[in-house]
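Structure first, commentary second.
What follows draws every value from the coordinates through simple rules; no lab data is involved. Just so it is clear, the structure is predicted and the values come from calculations on it, not from any experiment. Heads up, the Cβs are rebuilt from the backbone with ideal geometry, glycines too, and the neighbour counts pull from every protein chain shown.
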Amino acid sequence: MKSTDGSEAAKRRAAEAATKEVVDGMVVGLGTGSTTAYAIRELGRAVDAGLDVRGIPTSYQSRSLAREVGIPLTTLDDATPDVAIDGADQFAAGDLVKGGGAAHAREKVVDASADRLLVVADESKRAARLDHPVPVEVLPDAAPTVEAAVRDLGGDPTLRVATRKDGPVVTDNGNVVLDCAFGAVDSPTDLAGGLSAVPGCVEHGLFVGLADAVYVGGADEEVTVERY
Ligand SMILES: O=C[C@H](O)[C@H](O)[C@H](O)COP(=O)(O)O
């Protein structure tokens, strides 16, 4: 989704505020997307100024940006994140829909392994109930059977297609993505459980109960912090 300049400024303020929670010696999960990119750039400036941190990227995009701004990197083999900073396509209280950049599978692994997950977003991502289509990463051969299972769960799946070539978006893991519209979700926990149980579903973009804080950039200069 294209953002206005106003929401870009709000995203940047939220990301920069969350980055202040990172202190010397921490391992930081680096989420993916345009909002997290502001946090990665801010962390890069802090590293430049002497902050001693290591990052664990969640995608090709976050790895290459972290390298560009000079954040030393590590992996889950060698370290556990003290904190992860990540964006969201929508949040309702602390529950999230993620995966607009098709990175949610690795993001969920890194975010769930972190001691704390800090979500960064602008106010436009807030909802009373989650109703954003849920991205589901799927083994390519399983797309037809997962589509049928999503319909059984009450959803309407659409294969995500690339914008600059013919054919589907392929994730960093070599899979495809179904964007699944469910309308307003009554129980994110139940839907998350239902999707996780579908054979061929690698990971879905519902992040339920994982966020410890949501940093929300408003239209004014304010950043609100909601803690869970
Ligand atoms: O796969 C991508 C991620 O889940 C992003 O964190 C999410 O789509 C939000 O991205 P943005 O900050 O660009 O809106």
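A few points about this structure:
- Gyration tensor (alpha-carbon) shape descriptor, the chain, a/c threshold 1.5: prolate
- Looking at the chain, the DSSP beta bridges with both ends there are about 55 percent antiparallel.
- The phi-based Karplus calculation (6.51 cos²θ - 1.76 cosθ + 1.60; θ = phi - 60°) puts the 3J(HN,Hα) values of region 76-90 at 5, 4, 10, 7, 10, x, 6, 8, 10, 10, 8, x, 8, 7, 7 Hz, whole numbers, x for Gly and Pro.
- Here the 3J(HN,Hα) profile of region 99-110, calculated from phi with Karplus coefficients 6.51, -1.76 and 1.60 at θ = phi - 60°, is x, x, x, 6, 10, 5, 5, 5, 4, 5, 4, 5 Hz, Gly and Pro shown as x.
- DSSP bridge analysis restricted to region 34-132 gives an antiparallel fraction near 35%, rounded to the nearest 5.
- Assigned charges on the beta-carbon of Lys, Arg, Asp, Glu; the chain dipole about Cα centre (debye): 420
- For region 134-205, the residue among Ala192, Leu139, Val170 whose Cα projects farthest onto the positive side of the dipole built from Cβ charges is Val170.
- Degrees, to the nearest 10: 5-19 long Cα axis against longest axis of the chain: 70
- Over the residues of the chain, the helix contribution to mean residue ellipticity at 222 nm works out to -9000 deg cm²/dmol, using -39500 (n - 2.57) for each DSSP H run of at least 4.
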